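Derivation of every value follows stated rules applied to the coordinates shown; laboratory data play no part. Keep in mind it's a predicted model, so treat the numbers as computed, not measured. With ideal geometry, Cβ positions are generated from the backbone for all residues, glycine too; neighbour counts draw on all protein chains shown.
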Amino acid sequence: MKLISTNICKTSDIGVNDNLFGGTMLSWLDEAGGIMAACACRSHNVITLKMDEVLFKKPVKVKDKVRIYGVVDSIGKTSLKLSLEARTVDLVNKTENVVCSTCMIFVNIDENGNPSPIPQETEC
């Protein structure tokens, strides 16, 4: 898997149980997936079509550093499927723990919002 982005869990991201809001994690995953999809499609015009089951494995706490990794699973004519993982990082011990995972499908679109072919040669 390739590192796409890094986030830090701030106090404003925390819910009543002192854990990261699930919606914030979903937003981070969607943004990271969009970055990877845009790179793979060599286009700024990609949209999220679908997010599969999201598995929240462990809580994220204030000050946790969260790295989001992804890999392109498959590429179709106008869409691609990514697997994504969010991992907390222990900078002292240099370890990472998976806290969330999902698969997402993105569609490459043209300026009119219609599906557009993905180039044969992808970069990510």
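Rounded to whole numbers, the Karplus 3J(HN,Hα) couplings from phi for the stretch 69-84 are 10, x, 8, 7, 7, 7, 10, x, 5, 10, 9, 9, 10, 10, 9, 10 Hz, using 6.51 cos²θ - 1.76 cosθ + 1.60 with θ = phi - 60°, and x at Gly and Pro. Proximity of backbone amide H atoms, modeled 1.01 Å from N, is registered between ARG42 and GLU123 at under 5 Å, excluding neighbours fewer than 5 places apart on the same chain.
Length available on full extension from SER12 to LEU26: 0.36 nm per residue minus the Cα-Cα distance, which gives 3.5 nm. Here LYS57 is the anchor, and the lysines within straight C-alpha reach of less than 29 Å, apart from those fewer than 8 places off in the same chain, are LYS2, LYS10, LYS65, LYS81, LYS94. Packing around the peptides 33-44, 3-14, 48-59, taken as the average count of other Cβ atoms within 10 Å per residue, puts them in this order, highest first: 33-44, 3-14, 48-59. Which residues in the stretch 40-56 have a backbone N closer than 18 Å to a point placed 7 Å from the Cα of ASN114 along the Cα-to-Cβ line? Counting backbone N atoms under 18 Å from the label point, the list is 45-47. With contacts taken as Cα pairs under 8 Å and at least 6 residues apart, the chain reaches a relative contact order of 30 percent. Phi angles of the stretch 104-111 translate, via the Karplus equation with coefficients 6.51, -1.76, 1.60 and θ = phi - 60°, into HN-Hα couplings of 9, 10, 10, 10, 7, 10, 8, 5 Hz per residue; Gly and Pro are given as x.
Counting only Cα atoms, the stretch 2-108 measures 42, 29, 22 Å along its principal axes, largest extent leading. Entry note, the chain: the mean residue ellipticity at 222 nm calculated from DSSP H runs of n ≥ 4, each adding -39500 (n - 2.57), is -5500 deg cm²/dmol after division by the residues and rounding to the nearest 500. Put the Cα centre of the stretch 74-102 next to the Cα centre of the stretch 8-26 and the gap is 18 Å. Seen against the Cα atoms of the chain and their longest principal axis, helix 22-41 is set at about 30 degrees.
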